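Trainee: Let me begin by handing over the structure; questions about it come next.
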Amino acid sequence: MSISMNIWHWTAAICILAMWTFLFKENPIFRIAEHVFVGGTAGHAIGMAVGNIYRYGWNPLVHNQQLLLFVPIILGVLLYSRFIPKIAWLSRWPVAFLVGVGTGQSIYASLRTQVINQSLGAMVPLSGDTVGVTINALIGIVGLLAVLSYFLFSIPQSGALEKFSRAGRWIMMVTFGVSFGNVVSGRISVLLGELTRILGDWLGML
């Protein structure tokens, strides 16, 4: 056992242990660590934002004469007009621009990932190079149709359709269970990483 003399190992270990004190109850040690974390995150975000403005806004505008960058700079300055009551209405323009662009990007991303890509992923040839590929494709197609049949509300589900849709419900339950298991395993990986940092980097027990 060899305790590290690195100040950053001590800082990381103390912060981790301070956060873990919340497992017992709310306490001042946890609140201090929480405030340090939130403050550090906010400071890092501000530093990154200022750096991005300098690299991608000021430098290209001054050195490369990219005059179109005046538009986002002016919109960014107009955001602060909210603090001046007489011209506070000017802040609505950059907010409207941000909301419009954000909405457009989110709609495209949602359609691309949740509709188009998944539809393309389901359109696979049933005959593959090997038997395993063919079986995998058949399972995917049957599972897709079973899940879709579960959401058929326009016709009564009875007989074979009822059994088929019930299989779709089981497939969804298995999928949700796998997703939850992945989340739990990810959290356990984070926990193991923190234990490695404490027991290995700090205390030298590993």
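Trainee: Is region 22-37 home to any residue that is part of a helix (DSSP H, G or I), of a type outside the set (A, V, I, L, M, F, W, C), within 25 Å of the chain's Cα centre (by Cα) and surrounded by 12 or more Cβ atoms within 10 Å (Cβ to Cβ)?
Mentor: Yes.
Trainee: May I ask you to verify whether Val62 is modelled with pLDDT of 90 or more and among the β-branched types (Val, Ile, Thr)?
Mentor: No, not satisfied.
Trainee: May I pose another question? So for region 152-167 (the condition being within 28 Å of the chain's Cα centre (by Cα) and part of a helix (DSSP H, G or I)), does at least one residue qualify?
Mentor: Within region 152-167, not a single residue is within 28 Å of the chain's Cα centre (by Cα) and part of a helix (DSSP H, G or I).
Trainee: Another one. Need the failing condition index for Leu126 against (1) in contact (Cβ under 8 Å) with a residue 12 or more places away in the chain; (2) within 30 Å of Pro72 (Cα to Cα); (3) not aromatic (Phe, Trp, Tyr), just the number.
Mentor: In the conditions (1) in contact (Cβ under 8 Å) with a residue 12 or more places away in the chain; (2) within 30 Å of Pro72 (Cα to Cα); (3) not aromatic (Phe, Trp, Tyr), Leu126 misses (2) alone.
Trainee: May I ask you to list pairs of residues, at least six apart or on different chains, whose Cβ atoms are under 7 Å apart, with the first in region 191-206 being touching a residue at least 40 places away in the same chain (Cβ under 8 Å) and within 15 Å of Trp8 (Cβ to Cβ) and the second being of a type in the set (Val, Ile, Thr) and in a helix (DSSP H, G or I)?
Mentor: The qualifying pairs are Glu194/Ile16; Arg197/Ile16; Ile198/Ile16.
Trainee: Same structure, new question: Take region 82-91 and flag every residue that is of a type outside the set (D, E, K, R) and either closer than 14 Å to Pro72 by Cα or assigned to a helix (DSSP H, G or I) (or both).
Mentor: Phe83, Pro85, Ile87, Ala88, Trp89, Leu90, Ser91
Trainee: Could you give me the residue pairs with C-beta distances under 8 Å whose first residue belongs to region 92-117 and is under 16 Å from Leu75 (Cβ atoms), whose second residue is of a type outside the set (S, T, N, Q) wherever it lies, and which are 6+ apart or on separate chains?
Mentor: Close Cβ pairs (under 8 Å, with a partner that is of a type outside the set (S, T, N, Q)) amount to Trp93/Leu75; Trp93/Leu78; Pro94/Leu75; Pro94/Gly76; Pro94/Leu78; Pro94/Leu79; Val95/Leu79; Phe97/Leu75.
Trainee: Out of Val71, Val101, Val131, report the one residue that is modelled with pLDDT of 90 or more, of a type in the set (A, V, I, L, M) and either surrounded by 11 or more Cβ atoms within 10 Å (Cβ to Cβ) or out of contact with any Gly (no Cβ under 8 Å at 6 or more places or on another chain) (or both).
Mentor: Val101
Trainee: Which number in (1) within 30 Å of Ile7 (Cα to Cα); (2) surrounded by fewer than 12 Cβ atoms within 10 Å (Cβ to Cβ); (3) not basic (Lys, Arg) marks the one condition that Met123 misses?
Mentor: It fails just one condition, (1).
Trainee: Of Val124, Val115, which residue is more than 30 Å from Ala12 (Cα to Cα), assigned to a loop (DSSP other than H, G, I, E, B) and either among the β-branched types (Val, Ile, Thr) or modelled with pLDDT of 90 or more (or both)?
Mentor: Only one candidate passes the filter, namely Val124.
Trainee: Further question on the same structure: Those residues that are more than 10 Å from Trp202 (Cα to Cα), in contact with a helix residue (DSSP H, G or I) (Cβ under 6 Å, 6 or more places away or on another chain) and aliphatic (A, V, I, L, M), I need them from region 3-31; list them, please.
Mentor: If the condition is that a residue be more than 10 Å from Trp202 (Cα to Cα), in contact with a helix residue (DSSP H, G or I) (Cβ under 6 Å, 6 or more places away or on another chain) and aliphatic (A, V, I, L, M), then Ile16, Ala18, Met19, Ile29 are the ones that fit.
Yes/no per residue for (1) out of contact with any Leu (no Cβ under 9 Å at 6 or more places or on another chain); (2) within 21 Å of Leu191 (Cβ to Cβ); (3) among the acidic types (Asp, Glu); (4) in contact (Cβ under 8 Å) with a residue 40 or more places away in the chain:
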residue	(1), (2), (3), (4)
Ile3	no, no, no, yes
Trp8	yes, yes, no, no
Ala13	no, yes, no, yes
Trp20	yes, yes, no, no
Pro28	yes, no, no, no
Ile32	yes, no, no, no
Val36	yes, yes, no, no
His44	yes, no, no, no
Ala49	yes, no, no, no
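The values are calculated or read from the model by the stated rules, or taken from the named source; none is laboratory data. Here the structure is a predicted model, which means the values were calculated and not measured. Because the Cβ atoms are built from the backbone with ideal geometry, glycine has one as well, and the counts that use them run over all protein chains shown.
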